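Visitor: The following block contains the structure, expressed as structure tokens.
FYI, it's all coordinate maths here, none of it is from the lab. As the structure is a prediction and not an experimental result, all values here were calculated from the model. All Cβ positions, glycine included, derive from the backbone under ideal geometry; neighbour counts span all protein chains shown.
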Amino acid sequence: MIKNKHVIKVLVLGGLLLLCNVVVGCGEKANHDKKTTEDIAKLSIDEEGITPHHHADDTEPHTHSHSSQSDTRKRIMTPDSIEELWIFPEREDHLGSGGMLQIYMDAESHPNASSGFAKYELGVGGALPEHKHNKTEEIAYFISGEGIVISYENAKRIETVVKEGYVWYTAPGEWHSFKNTGDTPLKLVFATIPNAKHGLLNFFKKVSASPGKTSTALSAEEFATLASENDMILKPAKID
């Protein structure tokens, strides 16, 4: 009988020790899991550039995104926040057959972007001189109006009618141009790749002016030089 009581005491003590080990192990695991969760949260916050902080009545730290308003403006461009220019206007106060350029993204406003983006409105009867870009790709989407895109295939000049909904792609090295053949402005949006500091949009900025302002007068030689400096090579005129 005494022996049995001794065995029972040993079993009870063993059970208590086992229970204590389980409780302690669970506590350590909980602490480890909490620390792991905190580490993961801290890593995510660090990667996103978000700073955790407290308010006076808070018990746990929390985060807010502190993106500046200027960053938002670089992602959402509105019509009243862009640069508008007249290219080859008939006179200071009248665009006529010239072109109106609205720049949404270029190397100056978005230096880290891969592409520039703009809207162009070509007046009735207007046309651009035939040219090519050695480094620049262009992708254009026609919004309204009607015109002709000029391209070349095996040195043969091709004219293609374009209108609303058409997309026009121009690879580097391809001679091209377009003109307005309709009775309303020919409107399109286009992307330039890469978003070069000395590229097509910069050329347009150099030869244009704000509405109502006089653009810089350039000789034919100065115009051609400025164009070539901004990856716009003018096609030599054919002499008959």
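Visitor: Tell me the net charge near Gly173. Cut-off is 14 Å between Cβ atoms, Gly173 excluded, with +1 for each Lys or Arg and -1 for each Asp or Glu.
Guide: Combined, the nearby Lys, Arg, Asp and Glu give -3.
Visitor: While we're looking at this one, here's another question. Ala224: net charge of surrounding residues, Cβ under 14 Å, Lys/Arg +1, Asp/Glu -1, itself excluded?
Guide: Result for the local shell: -2.
Visitor: Local charge sum around Phe190 (other residues, Cβ-Cβ under 13 Å, Lys/Arg +1, Asp/Glu -1)?
Guide: -2
Visitor: Oh, and also: Given H placed on each backbone N at 1.01 Å, which residues far from Thr136 in sequence or on other chains put an amide H within less than 5 Å of it?
Guide: When sequence neighbours closer than 5 places are left aside, the close amide H contacts are Gly173.
Visitor: If you plug each phi of region 123-140 into the Karplus form 6.51 cos²θ - 1.76 cosθ + 1.60 with θ = phi - 60°, what whole-Hz ³J(HN,Hα) values come out, in order, with x for Gly and Pro?
Guide: After applying 6.51 cos²θ - 1.76 cosθ + 1.60, I find x, 4, x, x, 7, 9, x, 5, 7, 9, 10, 6, 10, 9, 9, 10, 10, 10 Hz.
Visitor: Also, I was wondering about something else. Could you pull out every residue, at least 5 positions away or on a different chain, whose amide H is within less than 5 Å of the one on Thr181? Hs are placed 1.01 Å off N in the peptide plane, and Pro or chain starts have none.
Guide: Glu146, Gly147, Ile148
Visitor: Something else: Which of rounded, prolate, oblate describes region 84-240, given a ≥ b ≥ c as roots of the alpha-carbon gyration tensor eigenvalues and a/c under 1.5 marking rounded, otherwise prolate only if a/b is larger than b/c?
Guide: Rounded, because the longest to shortest axis ratio a/c is under 1.5.
Visitor: Which pairs, out of Lys119/Lys179; Lys135/Lys163; Lys163/Lys238, put more than 22 Å between their alpha-carbon atoms?
Guide: Lys135/Lys163; Lys163/Lys238
Visitor: Ok, one more. Under the rule of at least 5 residues apart or a separate chain, name every residue whose amide H is placed under 5 Å from the amide H of Glu164.
Guide: Amide H to amide H, under 5 Å and 5 or more residues apart or across chains, Glu164 pairs with Gly145.
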